[in-house]
Amino acid sequence: MSKPDKVKVKNDIAMMKKLRWLLEVALFLIVSFSIALIPKRIALGAGKRLGRFLFRILKRRRSIAIANITAALPFMTRQEGWIPTSDTPEEIARKTFENLGMSLVEIFKVYHGFGRSIVESVEFRGIEHFEKAKARQRGIAFIGGHCGNWELMALASGARFRNVSVVARRQNNIYLHNVMEKIRIKFGNRVIYKSGALKAMIGEFRQNRIVGVLIDQAVSPDDGYRVGFLGRDVWTIRMPSLIARKTGVALLPVFIHREGTGHVITIFPEILPNLEKDGDEGGREDVARLTAAIEQYIVRHPTEWYWIHRRWKNSPQP
């Protein structure tokens, strides 16, 4: 194949990719707008039905969720705060998809301008922990996970506190990326993308601002410490610990959960690094304590965590 032919093929592939991305965004906007029009009084029911539909058709994700829950249940049932239930792993997985469906409906309504009341009605608890950390003027890291409606948590936090940045991954689809960025900044969020995140986060903390970081996704051994999580070892990102030890930023566990037809964001007391231990020993202890906060949330709200993620994929178990 000649060089001009290769260039033409490359351009054709790029054009097809852009066309596919445009079609994906068009479909997203059509579907999300249609769902956003659902009256608020029946929106959550519609979200549950959407979740059940996804539970049926997303067979691979359903299998991942059920396998994760099955492996974690023996650990969770032994923890303080666990509410005994007769739900099987399959039933917990189905309810997890229902929560995801409800979360999607809520975010669709917010994006299309029908959900400001959803954001403004979120209740905050533990504000005193935020105020105490804010007074130190070292910046605050909201440490959380893919719990409850985590996108709503970011939007409500931005609306309440302003000066809130969230760490996110760039979407491969540049048009979908622009759509997601628009919804995130609408209520006062700034977005820090993972490429170059460390420098940007430190810059925010030096201005006594807030950065939200979700630490419950799989990372490589080069980026994390191996700690216990729901009864199994898992590699967990170490960046928040490194930044806290370097800058003195406050690490505050923050989570959102459903109560009735609304949401509650709870800010927990600061987790202070044990500065008597340095290096990997101290960092691993910090990460273990942050991870334990997510464990406690999942034990209390087992259907509101993102079980469909392959959290242990880089951590072969014995």
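The values are calculated or read from the model by the stated rules, or taken from the named source; none is laboratory data. Because the structure is a prediction, the values reported are computed rather than measured. Using ideal geometry, Cβ is built from the backbone for each residue, glycine included, and neighbour counts are taken over all protein chains shown. Accessible surface is based on the protein model in full, side chains and every heavy atom, while ligands, DNA and RNA are left aside. Shrake-Rupley method; radii C 1.70, N 1.55, O 1.52, S 1.80 Å.
Computed quantities for the displayed model
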quantity: Unmet requirement for residue 86, which otherwise passes all of (1) under 20 Å from the mean Cα position of the chain (by Cα); (2) closer than 19 Å to residue 301 by Cβ; (3) open to solvent by 70 Å² or more (accessible area, probe 1.4 Å); calculated: (1)
quantity: Identity of the residue in segment 70-83, assigned to a helix (DSSP H, G or I) and free of Cβ contacts under 8 Å to residues at least 60 places away in the same chain, that ends up surrounded by the most Cβ atoms within 10 Å (Cβ to Cβ); calculated: 73
quantity: Yes/no for residue 35 being closer than 30 Å to residue 162 by Cα and open to solvent by less than 70 Å² (accessible area, probe 1.4 Å); calculated: yes
quantity: Selection within segment 205-249 - of a type in the set (A, V, I, L, M) and not in a loop (DSSP other than H, G, I, E, B); calculated: 210, 211, 213, 214, 227, 234, 237, 239, 242, 243, 244
quantity: Residue 117 part of a strand (DSSP E or B) and either more than 22 Å from residue 287 (Cα to Cα) or open to solvent by less than 10 Å² (accessible area, probe 1.4 Å) (or both); calculated: no
quantity: Sole exception among (1) part of a helix (DSSP H, G or I); (2) buried (at least 17 other Cβ atoms within 10 Å of the Cβ) for residue 202, by number; calculated: (2)
quantity: Residue within segment 106-113 that is over 20 Å from the mean Cα position of the chain (by Cα), closer than 28 Å to residue 311 by Cα and either open to solvent by less than 40 Å² (accessible area, probe 1.4 Å) or among the charged types (D, E, K, R) (or both) present; calculated: no
quantity: Sole residue being assigned to a strand (DSSP E or B) and either small (Gly, Ala, Ser) or at pLDDT below 90 (or both), chosen from 184, 190, 170; calculated: 190
quantity: Residue pairs meeting the criteria (Cβ under 7 Å; at least 6 apart or on separate chains; first within 26 Å of residue 313 (Cα to Cα) and open to solvent by 60 Å² or more (accessible area, probe 1.4 Å), in segment 43-69; second among the hydrophobic types (A, V, I, L, M, F, W, C) and not in a helix (DSSP H, G or I)); calculated: 61/308
quantity: Qualifying residues in segment 122-142 (those that are free of Cβ contacts under 8 Å to residues at least 12 places away in the same chain and not hydrophobic (A, V, I, L, M, F, W, C)) - the one most open to solvent (accessible area, probe 1.4 Å); calculated: 128
quantity: Members of segment 79-92 that are within 15 Å of residue 230 (Cβ to Cβ) and modelled with pLDDT of 95 or more; calculated: 79, 82, 89, 92
quantity: Criterion: at pLDDT 90 or above, part of a helix (DSSP H, G or I) and aliphatic (A, V, I, L, M) - qualifying residue of 176, 104; calculated: 104
quantity: Matching residues in segment 286-296 - criterion: being free of Cβ contacts under 8 Å to residues at least 12 places away in the same chain and open to solvent by less than 10 Å² (accessible area, probe 1.4 Å); calculated: none
quantity: Segment 208-249 - residue that is of a type in the set (Asp, Glu), within 19 Å of residue 309 (Cα to Cα) and surrounded by fewer than 21 Cβ atoms within 10 Å (Cβ to Cβ) and, of those, modelled with the highest pLDDT; calculated: 233
quantity: Some residue of segment 132-142 being at pLDDT below 90, out of contact with any Phe, Trp or Tyr (no Cβ under 8 Å at 6 or more places or on another chain) and hydrophobic (A, V, I, L, M, F, W, C); calculated: no
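Residue-wise test of (1) touching a residue at least 24 places away in the same chain (Cβ under 8 Å); (2) open to solvent by 40 Å² or more (accessible area, probe 1.4 Å); (3) among the hydroxyl-bearing types (Ser, Thr, Tyr); (4) closer than 22 Å to residue 128 by Cα.
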{"site": "256", "(1), (2), (3), (4)": "yes, no, no, yes"}
{"site": "263", "(1), (2), (3), (4)": "yes, no, no, yes"}
{"site": "275", "(1), (2), (3), (4)": "yes, yes, no, no"}
{"site": "281", "(1), (2), (3), (4)": "no, yes, no, no"}
{"site": "284", "(1), (2), (3), (4)": "yes, yes, no, no"}
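Yes or no, residue by residue, for (1) assigned to a helix (DSSP H, G or I); (2) out of contact with any helix residue (DSSP H, G or I) (no Cβ under 7 Å at 6 or more places or on another chain); (3) modelled with pLDDT of 90 or more; (4) within 20 Å of residue 306 (Cβ to Cβ):
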position: 156; (1), (2), (3), (4): yes, no, yes, yes
position: 166; (1), (2), (3), (4): no, no, no, yes
position: 251; (1), (2), (3), (4): no, no, yes, no
position: 256; (1), (2), (3), (4): no, no, yes, yes
